[in-house]
Amino acid sequence: MLKKIAIIPLCLLLVLTLTACTGSERLKNMTIVQGFSIDSKNGRTSVTIQYLDLNKGGSKSDGISGSIVSFVEGEGKDIRTAVNDAGEKLPDALFFGQNKIIAVSDEYEKQYSRQLKAYLIKNKESRPDVLILKSKGEAAKIIKDAQKNTIVPADSVYKQLKKLHRCVTVSDYLAGDELLYYRPSD
């Protein structure tokens, strides 16, 4: 009887020890991605990532002024290695949970559509509700230049596309929808 009573706290301790979360990271220790672009340069994949940089943007008495984003670029043999290359240039891990848009150059989409779809399906950071769009020419220009006078440009592009109903989600694209071109004049 005494053995049975002694086993109960031991089992409880074992269960609590084995069910703890491990490897979790705090959001404040992560680089929050707002949007990224995918281009092809010299036969390699190039990405430009727009991320929140809360140290940027002057402060006014009524709030933040100016853009609060920064950019990092990476290159690799495919999207995953290019994103990893960009992430290695930053002090904190990339967090794609707040990503709003993915811009893809028409050249990349024509040449590597299978690799693009494979990345969107297999990558743990990929979400079905992210907007994906195509650019004529370099997609990085959308990430760097579109809506650059706003606080979070990728979010402004996202809201513009949603308002105009000119958007395709990752889920739509993987289901067979064609990517739409981003037209800043919309």
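The values are calculated or read from the model by the stated rules, or taken from the named source; none is laboratory data. Remember, predicted model here, so these are calculated numbers, not experimental data. As a convention, Cβ positions derive from the backbone with ideal geometry for all residues, glycine included, and neighbour counts pool all protein chains shown. With ligands, DNA and RNA removed, areas are computed over all heavy atoms of the protein, side chains included. Shrake-Rupley method; radii C 1.70, N 1.55, O 1.52, S 1.80 Å.
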What share of the DSSP beta bridges in the range 36-186 is antiparallel, in percent to the nearest 5?
-> 70 percent
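How high is the FRET efficiency between LYS162 and LEU90 when r is their beta carbon distance and R₀ equals 41 Å, given to the nearest 0.05?
Details: r = 28 Å, r/R0 = 0.69.
Efficiency at R0 = 41 Å is approximately 0.90.
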When every protein chain stays in place and a 1.4 Å probe is rolled, LEU174, LEU116 sorted by accessible area with the largest first are LEU174, LEU116
Enumerate the amide H contacts of VAL69 below 5 Å, restricted to partners 5 or more residues apart or on another chain; note that Pro and chain-start residues carry no placed amide H.
-> ASP53
So how much slack lies between ASN29 and LYS122, counting 0.36 nm per residue of separation and subtracting their Cα-Cα distance, in nm?
-> 31.0 nm
Given backbone amide H placed at 1.01 Å from N, residues whose amide H is under 5 Å from that of LEU180, ignoring those fewer than 5 places away on the same chain, are LYS134, VAL168
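Please give the length that would be gained between LYS148 and ASP106 if that part of the chain were fully extended, namely 0.36 nm times their separation in residues minus their C-alpha to C-alpha distance (nm, one decimal). Display every interim value, and only then the final one.
Working: separation 42, 0.36 × 42 = 15.12 nm, distance 2.19 nm.
That pair, LYS148 and ASP106, stretches by 12.9 nm at full extension.
Figure the gain on full extension for THR81 and GLU178 (residue separation times 0.36 nm, minus the Cα-Cα span) and round it to one decimal in nm.
Values: separation 97, 0.36 × 97 = 34.92 nm, distance 2.55 nm.
Length gained between THR81 and GLU178: 32.4 nm.
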